Amino acid sequence: MSHTDSKKTCEVLIIGGGPAGISAAVELCRRGFSSEDILVLEKGPAHSYSIQKFYTEGKRVDTDYRNEKAPCEGAMCLLPGNRESALSTIEFFIHYYRLRVLCGEGAEKIIKTGDQFFAETGQSEFFSRFVVVSIGILGKPNKPDYPLSSELKNQIHFDITSQPIENSEVLVVGGGNTAAEYVHYLANHNRVTLSYRKREFARLNEMNEETLKKMAKEGRADLLLGTNISAIAKAGAKIRVEFKETAPRLFDRIVYAIGGTSPEAFLRTAGVEYEAKQPKFNERFETNVKGLFLGGDLVFPKGTIIKAFNSGKVIAEEIGKRREEIGGRR
Ligand SMILES: Cc1cc2nc3c(=O)[nH]c(=O)nc-3n(C[C@H](O)[C@H](O)[C@H](O)COP(=O)(O)OP(=O)(O)OC[C@H]3O[C@@H](n4cnc5c(N)ncnc54)[C@H](O)[C@@H]3O)c2cc1C
């Protein structure tokens, strides 16, 4: 995996080197594409950077995450394991198929002119006949609707691995599995409170719900269910958190786990149409922009690694078919 600083042309440009993007590349190779025909652009310093960044070390990886069961349909599959085993499975395929994954290349813009796509990163330009966008939905974490003062920027987090969080009074905000896993992880070295706007957990898997409740019972975490934050402000070295329903509290740090958004602006620039905040695509995951496909979490409201792998196979089948139709090289 390397950095690039030149203009490059390829047949299929894959934007996003996570499970969906890597699987699309693997499935293309299995259909007769040479790895020279394919380029994978990855914004992060390594492939599958969302997994590397958002999964805590040793995190258990479920194959039926969020109760979404999907059999593996292509070459890439996953056994129940952990973050590290999932990453080494993906790594194996990258090496086996000699995929060209260019790290540190975050696509900023993509445009179709005639039959060709043009993509731009901060430092390079790429031209291709087909594009697969598989950038996930985690790129831009959701922010709360009250102001976050810049004075608090070192005490506010949107993940827990960019900066070590230790020996602190931490407030985790959110009610999904990510929030639950953050609480579990942070409680090893911190005093942790969870604020969730609903009175009952609605989106947790059984194990996370059980773990949270057990932690609360044993005094290892505080659960503030049915609480909505109205404002936060600096209070000396602490953060004063105002709740609509209960008295204010002081914390050292706040970790938000309130979900991500679809990278709408990026796709809209490429001409992809949206409906009800979701990009439009057909059953082969092709958008209204002919030759531009979406994979992984961009096409599944409840994404999983296996579903992302499977989307890569569907896309590769369609691109393979299209290449035959237009008489491309075999
Ligand atoms: C905390 C957490 C725990 C999870 N646990 C599980 C689990 O146990 N089991 C399971 O099956 N699923 C789990 N999931 C879901 C799973 O991680 C996703 O469904 C899967 O990773 C989606 O794959 P993807 O390739 O679509 O996107 P991603 O994995 O998000 O990969 C997208 C890639 O694109 C890169 N990228 C983003 N923007 C750009 C850009 N502009 N240019 C170039 N590259 C870009 C990113 O850095 C990233 O590497 C979990 C998710 C989270 C957040």
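The values are calculated or read from the model by the stated rules, or taken from the named source; none is laboratory data. Note that the coordinates shown come from a computational prediction; the quantities given were computed from them, not determined experimentally. For neighbour counting, all protein chains shown are included, and Cβ atoms are generated from backbone atoms with ideal geometry for every residue, glycine included.
Overview of values
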read-out	value
Breaking point among (1) part of a helix (DSSP H, G or I); (2) more than 25 Å from the chain's Cα centre (by Cα), for residue 208	(2)
Spans of strands (runs of 3 or more DSSP E) in the range 220-262 with at least 2 residues in contact (Cβ under 8 Å) with a residue 40 or more places away in the chain	229-235, 238-243, 249-251, 253-256
Within the range 129-138, considering residues that are within 14 Å of the ligand (Cβ to nearest atom) and in a strand (DSSP E or B), the one surrounded by the most Cβ atoms within 10 Å (Cβ to Cβ)	132
Filtered residue count, the range 99-120, keeping only those that are among the small types (Gly, Ala, Ser) and away from the ligand (no atom under 13 Å from the Cβ)	1
Options 315, 326: the member that is over 15 Å from the mean Cα position of the chain (by Cα) and either at pLDDT 95 or above or within 30 Å of residue 153 (Cα to Cα) (or both)	315
Yes/no for residue 39 being assigned by TED's automatic domain parsing to the domain that holds residue 309, touching a Ser or Thr at 6+ places or on another chain (Cβ under 6 Å) and at pLDDT 95 or above	no
Matching residues in the range 167-205 - criterion: being in a loop (DSSP other than H, G, I, E, B), touching a residue at least 24 places away in the same chain (Cβ under 8 Å) and either of a type in the set (Phe, Trp, Tyr) or out of contact with any Lys or Arg (no Cβ under 7 Å at 6 or more places or on another chain) (or both)	174, 189, 190, 197, 198, 199, 200, 201, 202, 203, 204
Residue within the range 27-38 that is touching a residue at least 60 places away in the same chain (Cβ under 8 Å) and under 16 Å from the mean Cα position of the chain (by Cα) present	no
Cross-chain or 6+ apart pairs with Cβ under 7 Å, the range 294-314 first and in a strand (DSSP E or B), then at pLDDT 95 or above and not aliphatic (A, V, I, L, M)	294/281; 294/285; 294/287
